[in-house]
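Engineer: Questions regarding the structure given below will be posed in turn.
Every number in this text was worked out from the coordinates using simple rules, so none of it is lab data. Keep in mind the model is a prediction, meaning the values are calculated, not measured. Please note: Cβ atoms are built from the backbone with ideal geometry, for glycine as well, and neighbour counts cover all protein chains shown.
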Amino acid sequence: MFKLLKKFDKKDIGLIMLSILLIVVQVFLELKIPDYMTEITTLIQTEGTKINDVLVEGAYMMSCALLSLLTSIGVGYIAASVSSNFSYDLRDVVFDKVEKFSTAEIKKFQTSSLITRTTNDISQLETIIAMGLQAFIKAPIMAVWAISKILTKNIEWSALVCGFVLLLLITVISLMVVVLPRFEIVQKLIDKVNGVTRENLTGIRVVRAFNAEDFQKNRFEKVNTELTKTQLFNQRCFAILNPVMNLVMHGLTLGIYFIGAYLIANASMLDKINLFSNMVVFSSYGMQVIMSFLLLALIFMMWPRAQISARRINEVLECELSILDGDFDGQTKEKGVVEFKNVSFKYPDASEYLIKNISFKANKGDTIAFIGSTGSGKSTLINLVPRFYDVTDGEILVDGIDVRKYKLSNLRNKIGYVSQKAFMFTATVSENVSYGDNGKEKPNKDTIKNAIDVACATEFVSKMSDNYDALIARGGTNVSGGQKQRLSIARAIARDPEIYIFDDTFSALDFKTDALLRKNLKEYTNDATILIVAQRIGTIMNADKIVVLDKGKCVGMGTHKELLKNCPVYQEIALSQLSKEELENA
């Protein structure tokens, strides 16, 4: 928690100091009110007192109350400003950190948990800071100041106040011991609820297609019930605090007046007046002491959950990045050259290699295709080029430089990447195609239209209501799978990169569109290097070089015709898709 509080800037620190000053003034004014009550009580019991004398003291008392109200408003405004600015800045920091995460770190935390940490956990800290500036600072000052004023008044009343304070503290400490471990469980259960809800909404079409609504409902009810039970336990424990607070407040008032009545009954007439005056003042000061400890109790009840939220946020901020930025700016003599040198890879904490000793070189203008059975490591292999993961052994060179030496932004500016799962953002067609920064000028309208045309997407885009300004829903839910793939390809083309990476991005296209699109790409990207993963032989048979993978190993490399002659794995894949006559005439 205190690590995160170091993120306050100078402006916030200045506001906090002003808040403390206002709180001191507020406490002083509130503690002056009982003094004026004493004066009024004394004046009323003194013969010859004029009504104006009472009104003057009353005016002073009302002035203190009004000024205390104004300072309280000021403190509340400052607390709201400081806490909201802190949460704003912290969300920025967490978001920036997550942006630097590789796939490994995101999998470690899980997407649903990262969302909860960026929203719910930071909100917990915002609340504790807003409350803390008002209560955590005010309560100790108020308690110490009030206690110093009553300790010399009467030993019986002082002992009574100490007894009730002790009762309150024992209750709060007991609740903290019982409830604290369950706060962490609550945050983890919120992660689960978030995850189940997110998965259900993302896969709603599949859920409905398979009539799995009841199954999803049961999954949600399971985690929701667990969260509800845990929260109920916590709230029932907190419910104990309310009657204890009432017992302390009303019990203290009753006790002060009971002891006061006994003392007054056994005192002389002169002492009776003083005792009555002291009893009224002591009652006010005693309530101030109790209210101070009640405020502290409230903060201490909120603190454990905020502490757990702070720890969860610190886990994100202190997470070591597996993909570190290099310092090379990307200026090279060679363009579009990709070389793998004895590359091997295994996932973090995995015992076996997924990719073993892969070596090949793609020169400018070459098309290198990768094919193999499901799970052979094709997608993983090409995802090593833009450094979504780093190689375990060996090295990957882009334009003669190890990719680990590049600044990530400069490396990725050289690449036009089309992922296996086409993703669309909530934006227009043009904004989706021109998405991102490629270190060059932003694609203009002509570039966007040309990219869409090359990707064979003009036909369906022109039929949309607003054409190039038509809105694409989040995730592209208002376009088909093939249309999303073509728009994703257009997004890569608009970047005009040195290297294109197509990760099985033609799978949703019909054969006619597939063939036309590949023809357009060949004409448009003749100077660029293309790395393409595909399942269809027809998609890759014209590649300059085909790399055949099987269980992470390269079992064949060459042209289509060469592999048909000397690679059994390629022959098996080819014959499963095309007849011998079609292969011979290809």
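Engineer: At a Cα cut-off below 13 Å, give the aspartates and glutamates reachable from residue 407, other chains included and same-chain residues fewer than 8 away excluded.
Structural biologist: Within reach: 325, 327, 329.
Engineer: What is the gain in length, in nm to one decimal, between residue 559 and residue 224 on full extension, counting 0.36 nm per residue of separation less the C-alpha to C-alpha distance?
Structural biologist: Between residue 559 and residue 224, full extension yields an extra 115.0 nm.
Engineer: Label points 7 Å out from Cα along the Cβ direction at residue 535 and residue 576: separation in nm?
Structural biologist: Distance between label points: 1.0 nm.
Engineer: Kindly provide the helix-only [θ] at 222 nm of the chain, computed as the sum of -39,500 (n - 2.57) over DSSP H runs of four or more divided by all residues, to the nearest 500 deg cm²/dmol?
Structural biologist: Rounded to the nearest 500, it is -20500 deg cm²/dmol.
Engineer: If you don't mind, there's one more thing I want to ask. Based on the Cβ-Cβ distance of residue 467 and residue 520, what FRET efficiency does E = 1/(1 + (r/R0)^6) give at R0 = 22 Å, to the nearest 0.05?
Structural biologist: 0.65
Engineer: Sticking with this structure for a sec: Quick check: pseudo-label points 7 Å beyond the Cα along Cα→Cβ at residue 84 and residue 44, how many nm apart are they?
Structural biologist: 4.4
Engineer: With axes computed from alpha carbons, what is the tilt in degrees of helix 155-202 against the longest principal axis of the chain, rounded to the nearest 10 within 0 to 90?
Structural biologist: The angle comes out near 20 degrees.
Engineer: Output ³J(HN,Hα) for segment 326-338: one whole-Hz value per residue in order, computed from phi by the Karplus curve 6.51 cos²θ - 1.76 cosθ + 1.60 with θ = phi - 60°, and x for Gly and Pro.
Structural biologist: With coefficients 6.51, -1.76 and 1.60, one gets x, 10, 7, 7, x, 7, 10, 6, 6, 9, x, 9, 10 Hz.
Engineer: What net charge is computed for the residues neighbouring residue 181, neighbours being all others with C-beta under 12 Å from the C-beta of residue 181, Lys and Arg scored +1, Asp and Glu -1?
Structural biologist: Taking every Cβ under 12 Å from that of residue 181, the sum is +2.
Engineer: Going highest first, how would you order 177-183, 428-434, 48-54 by mean Cβ packing within 10 Å?
Structural biologist: Ranked by mean Cβ neighbours within 10 Å, highest first: 428-434, 177-183, 48-54.
Engineer: Further, regarding this structure: Contour minus end-to-end for residue 13 and residue 127, with contour as 0.36 nm per residue of separation and end-to-end as the Cα-Cα distance?
Structural biologist: 39.3 nm
Engineer: Please arrange 171, 71 by counting, for each residue, the other beta carbons lying within 10 Å of its beta carbon, fewest first.
Structural biologist: The fewest-first ordering by Cβ neighbours comes to 171, 71.
Engineer: Still on this structure, I have one more. Going by how many other beta carbons lie within 10 Å of each one, how would you line up 184, 523, 213, fewest first?
Structural biologist: In order of increasing Cβ crowding within 10 Å: 523, 213, 184.
Engineer: D for segment 422-496, whole µm²/s, Stokes-Einstein with Kirkwood Rh over alpha-carbon pairs at 4 °C and 1.567 mPa s: what number?
Structural biologist: So the translational diffusion coefficient is about 109 µm²/s.
Engineer: Determine the dipole magnitude for the chain: charges of +1 sit on the beta-carbon of Lys and Arg, -1 on that of Asp and Glu, nothing else is charged, the reference point is the Cα centre, and the result goes in debye to the nearest 20.
Structural biologist: Rounded to the nearest 20 debye, it is 780 debye.
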